[in-house]
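Worksheet: the structure to be examined is printed underneath.
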């Protein structure tokens, strides 16, 4: 299954999905009885629609998670799967209980490797937080145990899986998703021969849980972004650069980032593989790799479940060169933003031309725009986006000197204040002696906020060490933007004198 053929959507399961669900369950659970009857699924959807989650790919059901609510005190103690089953194969659901119970998660075999299971687990965690529930419990099969039953007890097997000395297809996955083994369950599913009837009682605690008497308005408000302050270095191939990109994407994904942000022209070292005498040919040489970078970074976005701001790259189209950034969504979509304002250097040495559109992108973690380096120095663009409710402005940049960097930084900080949004700047560091016009770099990546009591006193959410390769994280609260826009000490957007002036995009 090629990643660029995917169009993934996570949603709630519907009864009309049952024919596909039945086929999928029969495929995955052929060794322990196959699919639940239609009435069982119907009962789950009617009793707890929010807990029944699925992922579809262009209308095809490819992954499902079934969930109920249970009392923690009862199901955190020894129990069997049958304790969840009523007569007529209906699943017990305790309407007002304080805990989610994970019944099943199953993935179409052709879609394994895209981390869809982790995506469903994260959706369950979000549901647990949003409902202000205490925890998620699940009885986890250990299908790999059959291969070790002669030499290891179940407890010894679990311990070795936990130490990663043994890989178990279910338990290893659950442990990697922050679940803890609380106890060993005996005769959990007696017919499960691969697990020898054993299971683990797994628990994920909601650290944000508040007793109902303390709840005023509880819901998830934060997103996390990770920025890569990229070290320019010599590379011998496209694959070598992509391996370095994937290393960072993997690391940012491990820290549950919603976005991974790369700098402008991060793959420019590849120009060192061609003749530097003619810079217009060198930039076109680099542009020949852009499609591959876009496709590979889109694959990473899907596989690692993270939205990627793919820095910027030259795009050669209709005998013209553009500086373009791609937003690779984790659902498989790819959007692009072309740099609108071209620097004298880009125009003179590379004959790059400017784009003519400013796109505002809806993501699963807010409304965003991308302004490539010089674009952030023109306040009209950010203000135009602000009128459309932008939450985050991403600024991949490349600067060679500190004064050039400070132009980008100071303008970005101003955009955050005047438009009441977050602004993220990400640059590259190091030297490229073999690449003309990109031989030195200066950068300090940072995240800026509006300047008010809800934010840091200096309006800097996070910043990196200057001129050092590293990753930087920042947790952003989008609800704080709504609050400041309505009730801030100053309200820049509300207080504009539109009776005197306005901003018009001429192409509209």
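The values are calculated or read from the model by the stated rules, or taken from the named source; none is laboratory data. What you see is a predicted model; the values in this text were computed from it and never measured. Heads up, the Cβs are rebuilt from the backbone with ideal geometry, glycines too, and the neighbour counts pull from every protein chain shown.
When you look at residue 490, is it in a loop (DSSP other than H, G, I, E, B), surrounded by fewer than 14 Cβ atoms within 10 Å (Cβ to Cβ) and either out of contact with any strand residue (DSSP E or B) (no Cβ under 7 Å at 6 or more places or on another chain) or not assigned by TED's automatic domain parsing to the domain that holds residue 343 (or both), yes or no?
Values: in a loop (DSSP other than H, G, I, E, B): yes; surrounded by fewer than 14 Cβ atoms within 10 Å (Cβ to Cβ): yes; either out of contact with any strand residue (DSSP E or B) (no Cβ under 7 Å at 6 or more places or on another chain) or not assigned by TED's automatic domain parsing to the domain that holds residue 343 (or both): yes.
Judged against the criteria, residue 490 is a match.
Out of the range 116-149, which residues are over 25 Å from the mean Cα position of the chain (by Cα) and surrounded by fewer than 17 Cβ atoms within 10 Å (Cβ to Cβ)? Don't jump to the end; show me each part of the working.
Residues of the range 116-149 over 25 Å from the mean Cα position of the chain (by Cα): 139-149.
Correct list: 146, 147, 149.
What do you reckon, is residue 260 without any contact (Cβ under 8 Å) to a residue 60 or more places away in the chain, within 23 Å of residue 467 (Cβ to Cβ), in a strand (DSSP E or B) and assigned by TED's automatic domain parsing to the domain that holds residue 473? Steps first, answer last, please.
Numbers: without any contact (Cβ under 8 Å) to a residue 60 or more places away in the chain: yes; within 23 Å of residue 467 (Cβ to Cβ): yes; in a strand (DSSP E or B): yes; assigned by TED's automatic domain parsing to the domain that holds residue 473: yes.
Yes.
Could you figure out which of (1) closer than 25 Å to residue 17 by Cα; (2) buried (at least 21 other Cβ atoms within 10 Å of the Cβ); (3) out of contact with any strand residue (DSSP E or B) (no Cβ under 6 Å at 6 or more places or on another chain) isn't true of residue 105?
(3)
Rundown of residues vs (1) in contact (Cβ under 8 Å) with a residue 40 or more places away in the chain; (2) over 19 Å from residue 192 (Cβ atoms), yes/no style:
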site: 121; (1), (2): yes, yes
site: 149; (1), (2): yes, no
site: 160; (1), (2): no, yes
site: 163; (1), (2): no, yes
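Just wondering, is there one or more residues in the range 460-472 that are outside the structural domain of residue 416 (by TED's automatic domain parsing), crowded, with 16+ Cβ neighbours inside 10 Å and without any contact (Cβ under 8 Å) to a residue 60 or more places away in the chain? Even if it seems obvious, please write down each step before you answer.
Residues of the range 460-472 outside the structural domain of residue 416 (by TED's automatic domain parsing): none.
No, there is no match, as no residue in the range 460-472 is outside the structural domain of residue 416 (by TED's automatic domain parsing), crowded, with 16+ Cβ neighbours inside 10 Å and without any contact (Cβ under 8 Å) to a residue 60 or more places away in the chain.
Quickly run through the range 201-238 and pick out the residues that are outside any loop (DSSP other than H, G, I, E, B) and at pLDDT below 90.
To start, the set of residues in the range 201-238 that are outside any loop (DSSP other than H, G, I, E, B) comprises 201-205, 212-214, 222-232, 238.
Across the range 201-238, the qualifying residues are 212, 213, 214, 222.
Only residues that are out of contact with any helix residue (DSSP H, G or I) (no Cβ under 6 Å at 6 or more places or on another chain), within 30 Å of residue 484 (Cα to Cα) and in a strand (DSSP E or B): list them for the range 396-446, please.
Correct list: 396, 422, 424, 426, 446.
Condition (residue is under 18 Å from residue 338 (Cβ atoms), under 23 Å from the mean Cα position of the chain (by Cα) and in the same structural domain as residue 449 (by TED's automatic domain parsing)) applied to the range 400-417: is it met by at least one residue?
Scanning the range 400-417 turns up no residue that is under 18 Å from residue 338 (Cβ atoms), under 23 Å from the mean Cα position of the chain (by Cα) and in the same structural domain as residue 449 (by TED's automatic domain parsing).
So which residues in the range 450-459 are out of contact with any helix residue (DSSP H, G or I) (no Cβ under 6 Å at 6 or more places or on another chain) and surrounded by 14 or more Cβ atoms within 10 Å (Cβ to Cβ)?
Residues of the range 450-459 out of contact with any helix residue (DSSP H, G or I) (no Cβ under 6 Å at 6 or more places or on another chain): 453, 455-459.
Those that are out of contact with any helix residue (DSSP H, G or I) (no Cβ under 6 Å at 6 or more places or on another chain) and surrounded by 14 or more Cβ atoms within 10 Å (Cβ to Cβ): 455, 459.
Quick grid of which residues meet (1) in contact (Cβ under 8 Å) with a residue 24 or more places away in the chain; (2) crowded, with 20+ Cβ neighbours inside 10 Å; (3) touching a strand residue (DSSP E or B) at 6+ places or on another chain (Cβ under 8 Å):
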{"site": "335", "(1), (2), (3)": "yes, no, yes"}
{"site": "341", "(1), (2), (3)": "yes, no, no"}
{"site": "403", "(1), (2), (3)": "no, no, no"}
{"site": "421", "(1), (2), (3)": "yes, yes, yes"}
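Can we say residue 295 is within 30 Å of residue 255 (Cα to Cα) and either surrounded by fewer than 20 Cβ atoms within 10 Å (Cβ to Cβ) or more than 13 Å from the chain's Cα centre (by Cα) (or both)? Break it down into steps so the answer makes sense when it comes.
Values: within 30 Å of residue 255 (Cα to Cα): yes; either surrounded by fewer than 20 Cβ atoms within 10 Å (Cβ to Cβ) or more than 13 Å from the chain's Cα centre (by Cα) (or both): yes.
So residue 295 fits the description; yes.
Restricting to the range 174-184, and then to whatever is modelled with pLDDT under 90 and out of contact with any helix residue (DSSP H, G or I) (no Cβ under 6 Å at 6 or more places or on another chain), can you tell me which residue is surrounded by the fewest Cβ atoms within 10 Å (Cβ to Cβ)?
From the range 174-184, those modelled with pLDDT under 90 are 174, 176-178; that's our starting set.
Filter again for out of contact with any helix residue (DSSP H, G or I) (no Cβ under 6 Å at 6 or more places or on another chain), leaving 174, 176, 178.
On the way: 174: 23, 176: 13, 178: 15.
Here the answer is 176.
Please determine whether any residue of the range 93-114 is in contact with a helix residue (DSSP H, G or I) (Cβ under 9 Å, 6 or more places away or on another chain), in a helix (DSSP H, G or I) and more than 20 Å from residue 31 (Cα to Cα). Can you show your working first?
Step one: list which residues in the range 93-114 are in contact with a helix residue (DSSP H, G or I) (Cβ under 9 Å, 6 or more places away or on another chain), which gives 93-95, 97-109, 113-114.
Those left that are additionally in a helix (DSSP H, G or I): 109.
The next check asks that each one be more than 20 Å from residue 31 (Cα to Cα); those that pass are none.
No, every residue in the range 93-114 fails to be in contact with a helix residue (DSSP H, G or I) (Cβ under 9 Å, 6 or more places away or on another chain), in a helix (DSSP H, G or I) and more than 20 Å from residue 31 (Cα to Cα).
Output the residue which, of all residues in the range 356-370 that are touching a residue at least 40 places away in the same chain (Cβ under 8 Å) and in contact with a helix residue (DSSP H, G or I) (Cβ under 7 Å, 6 or more places away or on another chain), is farthest from residue 416 (Cα to Cα).
Narrowing the range 356-370 to residues touching a residue at least 40 places away in the same chain (Cβ under 8 Å): 356-358, 363-366, 368, 370.
The next check asks that each one be in contact with a helix residue (DSSP H, G or I) (Cβ under 7 Å, 6 or more places away or on another chain); those that pass are 358, 366.
Numbers: 358: 17, 366: 15 Å.
Applying the filter and picking the extreme gives 358.
Taking into account only those residues within the range 359-377 that are out of contact with any strand residue (DSSP E or B) (no Cβ under 6 Å at 6 or more places or on another chain) and modelled with pLDDT under 95, which is surrounded by the most Cβ atoms within 10 Å (Cβ to Cβ)? Outline the logic, then answer.
Initial filter on the range 359-377 (out of contact with any strand residue (DSSP E or B) (no Cβ under 6 Å at 6 or more places or on another chain)): 362, 364, 367, 374-375, 377.
Now narrow it down to the ones that are modelled with pLDDT under 95: 362, 364, 367.
On the way: 362: 11, 364: 11, 367: 16.
The residue in question is 367.
Take the range 10-51 and flag every residue that is within 17 Å of residue 87 (Cα to Cα), touching a strand residue (DSSP E or B) at 6+ places or on another chain (Cβ under 9 Å) and part of a helix (DSSP H, G or I).
Correct list: 40, 41, 43, 44, 47.
When you look at residue 195, is it at pLDDT 90 or above and either more than 30 Å from residue 150 (Cβ to Cβ) or surrounded by fewer than 18 Cβ atoms within 10 Å (Cβ to Cβ) (or both), yes or no? Let's see the steps before the verdict.
On the way: at pLDDT 90 or above: yes; either more than 30 Å from residue 150 (Cβ to Cβ) or surrounded by fewer than 18 Cβ atoms within 10 Å (Cβ to Cβ) (or both): no.
No, not satisfied.
Give the range 150-173 a look and list any residue that's in contact with a strand residue (DSSP E or B) (Cβ under 7 Å, 6 or more places away or on another chain) and either exposed (fewer than 15 other Cβ atoms within 10 Å of the Cβ) or not in a helix (DSSP H, G or I) (or both), or say none.
Of everything in the range 150-173, those that are in contact with a strand residue (DSSP E or B) (Cβ under 7 Å, 6 or more places away or on another chain) and either exposed (fewer than 15 other Cβ atoms within 10 Å of the Cβ) or not in a helix (DSSP H, G or I) (or both) turn out to be 155, 170.
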